[in-house]
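Asker: Structure provided below as structure tokens; questions to follow.
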Amino acid sequence: MSFEQLAMPLFERLYNFAHWLTQNRDEAEDLVQETYAKALKGFSSFQPGTNFKAWMFRILRNTFLNSRTGLRAATVPLDPAEGDPALPAEVQTPETILIDRTSREIMQAAIEELPIAYREVLLLCEVEEMSYQEIAATVAIPIGTVMSRLSRARRLLRQAVERKLQLRSAS
Amino acid sequence: MSHELWTAQLDAYLDGELDSAEMAKLDSHLRECPACAAEGLRRLQWKKNVQSAAAQRYGADPKLRERLQKNISPEKPVRRWWPAYAVTMAVLLLLAGIAVLREGSRQERNSRIISELVDLHVSTLASSTPVDVVSTDRHTVKPWFAGRIPFTFDLPELQGSPFELVGGRVSYLEQSPGAELIFRVRKHQISVFIFQERAIPKGLPNVGPVDARSFHLEAWTHNDLRYFVIGDAAREDIQALSNLLKGQM
């Protein structure tokens with residue numbers, strides 16, 4: 001298959017991921033364009049049979065981390081609990097709330113607030129439905145780190161949503 | 001195994017990351033433990049909520065897709081002048097070939113018709129009964145054809161000319177009936193064939209005078225009738241008889 005045939009079906013997904021990372025439309029567009037340009041240039045090095053989707057997302061992520069916004073985002077310190085074994089969720093927020101428009105906006109805002117290292121693994125897992133191994137390949141971290149970051153991302157997200165829901169109730 | 005250890009596996013379980021043995025164990029536990037089952041359901045709902053909020057959150061500008069598509073599409077081969085020229089030349093050559101073939105076919109058809117007329121003329125000369133109606137009177141010959149051929153025609157006044165009407169017979173060209181009139185000039189006999197135009201293959205031009213197998217021929221069309229004058233008489237005689245026939249038209 002040609003690069004075009006492999007890459008264009010991923011366009012919307014890559015753009016969505018890029019926008020989640022950059023939080024800016026123009027930067028997301030630049031990021032996607034640069035990703036495609038780099039991928040096309042390096043397509044000869046892509047090994048057929050390996051995971052093209054993970055390859056494209058890895059290029060996008062690396063390109064993002066080398067951008068000004070990416071460098072800034074990467075300086076945000078991770079939660080010191082990273083590396084700990086996955087923790088059971090201390091869930092007090094009602095996960096079963098109907099995800100109406102307001103709840104969705106709260107959820108989106110909470111995801112945006114996540115440090116980039118957590119946000120990316122969460123999105124790759126929940127939105128792109130990548131396996132831990134694919135996420136590890138995309139983000140270039142061990143699978144154990146994927147699991148711990150994912151667990152941490154989920155906990156932080158729940159806490160952020162809970163906090164926002166409480167604020168909404170209070171107001 | 002404690003609740004904490006079971007629930008620690010829940011995320012991996014819901015992410016599809018447990019192997020089949022671990023999956024079976026946790027499945028079994030969830031059927032027996034309402035607390036873990038409830039926690040599993042809440043986390044599943046949470047996954048769906050995250051997915052619902054984050055997937056397709058941001059839609060790309062269609063123009064961006066167009067730009068990308070344009071940038072990454074394999075370069076179309078540059079159109080050079082020669083392929084179009086080659087195609088044009090090929091079409092022209094094809095048309096020329098068709099024209100040549102058609103012309104060849106038309107000439108072949110004309111040649112066949114002329115040859116058939118010559119044969120008819122020769123067979124008439126060789127026949128012991130060259131004519132079915134023997135008369136030098138055009139007013140006798142012309143009515144004789146009535147009912148025998150699907151058209152009528154006029155014959156010229158021959159008085160004062162070197163030509164003499166011998167008679168006539170029904171003839172056939174391309175399975176169509178027509179009139180064959182025999183004229184004599186000096187010791188030569190000339191056949192005049194008259195057929196309906198529609199009985200003649202299309203495209204057969206007016207010819208003549210032409211020579212065919214030592215015979216002279218002249219042909220023309222008038223009032224949807226096709227006239228052929230053929231004989232071994234001098235070309236001038238063929239021409240003169242043709243003019244006589246045309247003159248009374």
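Asker: Condition test on residue B:74, is it open to solvent by 60 Å² or more (accessible area, probe 1.4 Å) and at pLDDT 90 or above? Spell out how you get there, then give the answer.
Answerer: Values: open to solvent by 60 Å² or more (accessible area, probe 1.4 Å): yes; at pLDDT 90 or above: no.
Considered against the rule, which asks whether it is open to solvent by 60 Å² or more (accessible area, probe 1.4 Å) and at pLDDT 90 or above, residue B:74 comes out as no.
Asker: Looking at the structure I just gave you, is residue A:145 open to solvent by less than 10 Å² (accessible area, probe 1.4 Å), within 17 Å of the chain's Cα centre (by Cα) and hydroxyl-bearing (Ser, Thr, Tyr)?
Answerer: Values: open to solvent by less than 10 Å² (accessible area, probe 1.4 Å): no; within 17 Å of the chain's Cα centre (by Cα): yes; hydroxyl-bearing (Ser, Thr, Tyr): yes.
No.
Asker: State all residues of segment B:116-145 that are within 21 Å of residue B:156 (Cβ to Cβ), over 43 Å from the mean Cα position of the chain (by Cα) and open to solvent by 40 Å² or more (accessible area, probe 1.4 Å); if no residue qualifies, say none.
Answerer: Correct list: B:132, B:134, B:136, B:137, B:138, B:139, B:140, B:143, B:144.
Asker: Inside segment B:3-37, can you point out the residues that are open to solvent by 50 Å² or more (accessible area, probe 1.4 Å), within 14 Å of another protein chain (Cβ to nearest Cβ) and more than 25 Å from residue A:135 (Cβ to Cβ)?
Answerer: Matches in segment B:3-37: B:3, B:35.
Asker: Which residue is nearest to the other protein chains (Cβ to nearest Cβ), if the candidates are limited to segment A:81-130 and must be open to solvent by 40 Å² or more (accessible area, probe 1.4 Å) and at pLDDT 65 or above?
Answerer: So, considering only residues that are open to solvent by 40 Å² or more (accessible area, probe 1.4 Å) and at pLDDT 65 or above, the one nearest to the other protein chains (Cβ to nearest Cβ) is A:104.
Asker: So which of B:136, B:124 is in contact (Cβ under 8 Å) with a residue 12 or more places away in the chain and touching a Leu at 6+ places or on another chain (Cβ under 7 Å)?
Answerer: The match here is B:136.
Conditions (1) crowded, with 20+ Cβ neighbours inside 10 Å; (2) under 20 Å from residue A:126 (Cα atoms); (3) of a type outside the set (Lys, Arg), marked per residue:
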| position | (1), (2), (3) |
| --- | --- |
| A:20 | yes, yes, yes |
| A:24 | no, no, yes |
| A:29 | yes, no, yes |
| A:40 | no, no, yes |
| A:47 | no, no, yes |
| A:52 | no, yes, yes |
| A:57 | yes, yes, yes |
| A:63 | yes, no, yes |
| A:68 | no, no, no |
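Asker: To continue, here is another question. Name every residue in segment B:194-209 that is modelled with pLDDT of 85 or more and either surrounded by fewer than 20 Cβ atoms within 10 Å (Cβ to Cβ) or not assigned by TED's automatic domain parsing to the domain that holds residue B:118 (or both), in order of residue number.
Answerer: Across segment B:194-209, the qualifying residue is only B:196.
The values are calculated or read from the model by the stated rules, or taken from the named source; none is laboratory data. Since the structure is predicted, the reported quantities are computational estimates derived from the model, not experimental observations. Using ideal geometry, Cβ is built from the backbone for each residue, glycine included, and neighbour counts are taken over all protein chains shown. Side chains are part of the model used for accessible areas, which takes the heavy atoms of the whole protein and leaves out ligands, DNA and RNA. Shrake-Rupley method; radii C 1.70, N 1.55, O 1.52, S 1.80 Å.
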